[in-house]
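This report refers to the structure that appears directly beneath it.
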Amino acid sequence: MATAKLILEGKEHELPVYVGTENEVGIDITELRNKTGAITLDSGYANTGACFSNITYIDGEKGILRYRGYPVDQLAEHAKFTEVAHLLMYGELPSLQQLLKFREELTYHSMLHEDMNKFFEGFPRGAHPMAILSAMVASLSTYYPESDERRDMIRLLAKAKTIAAFAYKKSVGQPFMYPRNELSYCGNILHMMFGVPCEAYHVDPVLEDAMHVLLILHADHEQNCSTSTVRMVGSSGANLYASISAGICALWGPLHGGANQAVIEMLQQIHSDGGDVSKYVAMAKDKTSSFRLSGFGHRVYKNFDPRAKILRKTCDNVLARLGIHDPLLDIAKKLEEIALRDEYFIERKLYPNVDFYSGIIYKAMGIPADMFTVMFALGRLPGWIAHWKELREEKPRINRPRQIYRGENVREFVPIEKRG
Ligand code: ACO
């Protein structure tokens, strides 16, 4: 095994080095504190490997994303979301027989316990659906407290789409639509969101295909903020529902999955402000302004985000096939064009990310902006589940980072009457 040498205060220390299957090199500092008393410091974990993983490979410099070795563009073009979910969760693309069984299980578990439907009544009008999704996912653990991890994974994947659709129905004041067994996973999402009891709902194949692509592109992204959260919470021994509920909350933030909502709001703002894209590019570059181009930049991708490339094409196709002309798409393309030619963005390697075009597609489907991140969460579920499963199989140590303390040194307690 290769080793690395660290010299601290003149003393040399040897550290093991691990090399991954794609030749990524990691210096193992597990014993560093025991040997030297020092820790490593890496704010935002930008350069810290937290685990070994067999699930997803990313090369941010080359714009590569593979699930279990399969390039994401091939999966998006040829596979359905449930096949990709099987691939991520169990390590292999399913055989026809395995796929039929997996689909059957997902169908069988897709209804919510009737008592859970009452929970939706307690949320105020206008409650953000990410809050509802997270709360309902955590609540599933009260209905399934026995630990049958294999079944919990299926249950969660099956029921999350029903929760998401019911959260939407609650927000528009319409009755819940129960899942239909003959529909696909993505077809059922559309039916439960847009169907109404008074007429038969026909799933539009254009929308169904686009939904498969969107969910597949979101399905995993190795150690991102929400997945690391799932692993962090799972490392304490917390159950699947609790761990993934925490991941949903992490995804909600505008610097992570919440960016898809922020993008559409930004495009709408530019549109209603007269469509002057250059003004917003200038604002994004202005260090005295806190404005950033939502949907631009990525911690890992420094060339292009392969998901954004696919979604730009999907976006064009969906809008053309639905006969929609959305001025926000024109603004998005103009923004991309100007930013990609601008020295500020070139220097910092800022490119459109997965969230840049996804919102325009969701909007064309009739999905409101505050549901965009919920759709992202549905897509990310197989990835979160796969990471939680992988973590459990390793029998992990509880995750517990260190810190450099910069606060006060020890001081004597001062009674209240003597404080100034
Ligand atoms: N607009 C303008 N400037 C930007 C942007 C942006 N969208 N993103 C980064 N920068 C600038 C920063 O100001 C910084 O400039 P400086 O070096 O002069 O200080 C430089 O680029 C590096 O940015 P960091 O914030 O240090 O990069 P980091 O890797 O920490 O953040 C992030 C990545 C959070 C994605 C960031 O690019 C961002 O805020 N983008 C907008 C939000 C977004 O789209 N998030 C979705 C990410 S994809 C996902 O999670 C699914």
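Based on the mean of other Cβ atoms within 10 Å per residue, sort peptides 77-90, 257-270, 25-38, 368-381 so the most packed one is first.
Values: 77-90: 20.5, 257-270: 22.4, 25-38: 13.0, 368-381: 24.3.
Output ranking for 77-90, 257-270, 25-38, 368-381: 368-381, 257-270, 77-90, 25-38.
Inter-part distance, region 296-362 to region 1-17, computed on C-alpha centroids, equals 44 Å.
Among Ala46, Ala138, Ala339, the largest mean-square fluctuation in a Gaussian network model of the chain (Cα springs under 10 Å) belongs to Ala46. Distance from the alpha carbon centroid of region 96-140 to that of region 205-242 works out to 15 angstrom.
Derived scalar couplings between HN and Hα for region 273-278 equal 8, x, x, 7, 5, 4 Hz in order, rounded to whole Hz, by the Karplus curve 6.51 cos²θ - 1.76 cosθ + 1.60 (θ = phi - 60°), x for Gly and Pro.
Rounded to the nearest 10 degrees, the angle from helix 355-365 to the longest Cα principal axis of the chain is 20 degrees. Would you kindly give the portion of the calculated P(r) for the chain that falls above 37 Å, as a percent of all Cα pairs? The answer is 29 percent, as a whole percent.
On the protein heavy atoms, probe 1.4 angstrom, tell me the percent of accessible surface of region 256-328 carried by carbon and sulfur. Walk me through the intermediate numbers first.
On the way: 1790 of 3620 Å².
It is 49 percent, rounded to a whole number.
Tell me whether region 207-335 comes out rounded, prolate or oblate; compute the Cα gyration tensor, take square roots of the eigenvalues as a ≥ b ≥ c, and use a/c under 1.5 as the rounded threshold. Oblate, since a/c reaches 1.5 and b/c is not below a/b.
For Tyr70, no residue has an amide H sitting under 5 Å from its own, ignoring neighbours fewer than 5 places away on the same chain, with H placed 1.01 Å from N. Peptides 16-24, 167-175, 280-288, 126-134 ranked from most to least packed by the mean count of surrounding Cβ atoms within 10 Å: 126-134, 167-175, 280-288, 16-24. Taking a ≥ b ≥ c as the square roots of the eigenvalues of the Cα gyration tensor, an a/c ratio of 1.5 or more together with a/b no larger than b/c marks region 263-315 as oblate.
Computed about its Cα centre, the charge dipole of region 1-72 is approximately 140 debye, with only Lys, Arg, Asp and Glu carrying charge at their Cβ. Output the 0 to 90 degree angle, nearest 10, between the alpha-carbon long axis of helix 372-394 and the longest principal axis computed from the alpha carbons of the chain. For helix 372-394, the angle is close to 50 degrees. Close amide-amide hydrogen proximity is noted between His298 and Tyr351, each under 5 Å apart and 5 or more residues distant or on a separate chain (H modeled in the peptide plane; Pro and chain starts excluded).
If you fit an axis through the alpha-carbon atoms of helix 259-272 and take the longest principal axis of the Cα set of the chain, what angle between them do you get, 0 to 90°, nearest 10? Taking the Cα atoms of the chain, the angle to 259-272 is about 60 degrees. For region 48-65, 3J(HN,Hα) computed residue by residue from phi via the Karplus equation (6.51, -1.76, 1.60; θ = phi - 60°) reads 10, x, 9, 6, 8, 8, 10, 8, 10, 10, 10, 10, x, 6, 9, x, 9, 9 Hz, glycine and proline entered as x. For region 1-44, what does the alpha-carbon gyration tensor say about shape, rounded, prolate or oblate, given a ≥ b ≥ c as the root eigenvalues, a/c under 1.5 as rounded, and a/b over b/c as prolate? Taking the square roots of the gyration eigenvalues as a ≥ b ≥ c, region 1-44 is oblate. For the options Pro382, Pro396, Pro352, a Gaussian network treatment of the chain with springs between C-alpha atoms closer than 10 Å singles out Pro396 as fluctuating the most. Comparing mean-square fluctuations of Glu408, Glu121, Glu394 from a GNM of the chain with C-alpha springs under 10 Å, the top value falls on Glu408.
The values are calculated or read from the model by the stated rules, or taken from the named source; none is laboratory data. Nothing here was measured: the structure is a model prediction, and the numbers come from that model. Positions of Cβ are generated from backbone atoms using ideal geometry, with glycine treated the same way; all protein chains shown enter the neighbour counts. Surface accessibility is based on the protein's heavy atoms, side chains included, excluding ligands, DNA and RNA. Shrake-Rupley method; radii C 1.70, N 1.55, O 1.52, S 1.80 Å.
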